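For reference, the structure discussed in these notes is given below.
Derivation of every value follows stated rules applied to the coordinates shown; laboratory data play no part. Please read these numbers as outputs of a predicted model, since none were measured by experiment. Here Cβ is always computed from backbone atoms with ideal geometry, including for glycine, and neighbour counts include all displayed protein chains.
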Number of protein chains: 2
Amino acid sequence: MVSMKYCARCGVPVTRKIPAGDNRERWCCEGCNTVHYQNPLIVVGCVPKRDDKVLLCRRAIEPRRGYWTVPAGFMELGETMAEGAARETQEEACAEVRIGYPFASVDIVDAGQVHVFFTADLLGDFAAGEESLEVALFREDEIPWHDIAFRSGEFALKKYYEDRGKNNGLHVHSVRRHRE
Amino acid sequence: MVSMKYCARCGVPVTRKIPAGDNRERWCCEGCNTVHYQNPLIVVGCVPKRDDKVLLCRRAIEPRRGYWTVPAGFMELGETMAEGAARETQEEACAEVRIGYPFASVDIVDAGQVHVFFTADLLGDFAAGEESLEVALFREDEIPWHDIAFRSGEFALKKYYEDRGKNNGLHVHSVRRHRE
């Protein structure tokens, strides 16, 4: 829950209370009767594959600067989850991908996030985007398991290799206290 | 994109602009430098099954009052997607379920929503919750296909029956202009 002081619609101070017909506390405006809901956010990513290698990015920004991650980021309005995963790969790794299917989902409960990961084929070149220090291809035995930025990405990579290219459904995992 | 007039943190009027280092317009506060991001929301639901029947709810509220739906609603902070689907079923159908696996996901692009559906086993009794006019079990040949409230739920039910209890991965669909 992010703290809120003023109503974004009318500028009046908000109060924390349970609205009529609801069963949990929300930020409520008694000026214009707006209820300001706060809900989990979606992070979308993918594992870009070429031959027997996958593309990882070393983060240039906090949290977890210097650690490796699959390309991933917050889904934006106006796009599908798959489009978001492709866009993030373009931004972080300057790489075009053909998105496959979603194979892993991690509920990061305390952060209010759900991370969804897709398979993908890497098409063409790649390079470090603004949020990456470097971008590189790794064979399975080269994956820097001890330097992976987030537990969600680690879970995704683990399941990715367990699946061996077969769609075994969406692997679901949850994290109650997250690393960053 | 929901219109925003005032900064929820400091109460100053916000402006629509591209923040430094970003590539799209956001609501920005020049008083306290907060960027107010707006991102898609997650709706979670399930198809509660008992023997050869599934549980549907007839909506008592808008949008699509009077139409049938699988139990579903906005995911809340502090829960996993599966927990959210179970909670919504409790609220709308007064029913306890054992959640299975996610089998369908629909990007409702213009509404800024992602709807995720799980398989589930119905445990015990059920009854109409506050948001339902009635709740009932349907055999496959009894499903009111012409009176299903939302295209996402219709897609989920269709895939549910195509799968016949087998986990064929997460079926992904997107809707660009939605019914409600």
Helix-only mean residue ellipticity at 222 nm, chain A, DSSP H runs n ≥ 4 weighted -39,500 (n - 2.57), per residue, nearest 500. What is it?
-4500 deg cm²/dmol
Distance from the Cα centre of region B:30-92 to that of region A:13-30, in angstrom?
19
Would you mind ranking B:107, A:121 so that the residue whose beta carbon has the fewest other beta carbons within 10 Å leads the list?
A:121, B:107
Out of the GluC sites (Glu not before Pro) in region A:15-100, which ones are loop residues according to DSSP with at most 13 other C-beta atoms within 10 Å?
A:25, A:30
The residues A:46, B:94, sorted from fewest to most surrounding Cβ atoms within 10 Å, come out as B:94, A:46
Mind listing the label-point distances from residue A:137 to the same position on all other copies, shortest first, one decimal in nm, points 7 Å along Cα→Cβ?
5.5
Relative contact order in percent for chain B (Cα pairs under 8 Å, 6+ apart) equals 22
In region A:133-170, which trypsin sites (Lys or Arg not before Pro) fall in coil by DSSP and have 14 or fewer other Cβ atoms within 10 Å?
A:164, A:166
Of all DSSP beta bridges in chain A, antiparallel share, percent nearest 5:
65
Name the cysteines of the protein assembly as shown that stand alone by the Cβ rule: no other cysteine Cβ under 4.7 angstrom.
A:28, A:46, A:57, A:94, B:28, B:46, B:57, B:94
Residue order, fewest to most surrounding Cβ atoms within 10 angstrom, among B:116, A:106, A:135
A:135, A:106, B:116
Can you give the % of DSSP beta bridges in the protein assembly as shown that are antiparallel, to the nearest 5?
65
Where a ≥ b ≥ c are the square roots of the eigenvalues of the C-alpha gyration tensor, would you call the protein assembly as shown rounded, which needs a/c under 1.5, or, failing that, prolate if a/b is larger than b/c, or oblate?
oblate
Hey, what angle do you get for helix B:151-163 against the long axis of chain B, alpha-carbon based, 0 to 90 degrees rounded to 10?
40
Using only Cα atoms, what is the ratio of the radius of gyration of region A:1-144 to 2.2 N^0.38 Å?
1.34
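All other residues with a Cβ under 9 Å from the Cβ of residue A:36 taken together, and with Lys, Arg as +1 and Asp, Glu as -1, what is their net charge?
+2
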Relative to chain B, whose Cα atoms define the longest principal axis, helix B:81-93 and its Cα axis are tilted in degrees, nearest 10, by 60
Distances from residue A:50 to the same position in the other copies: list them in nm, one decimal, shortest first, using label points 7 Å from Cα along Cα→Cβ.
5.5
Give the average, rounded to an integer, of partner chain Cβ atoms located within 10 angstrom of each Cβ in A:76-85.
6
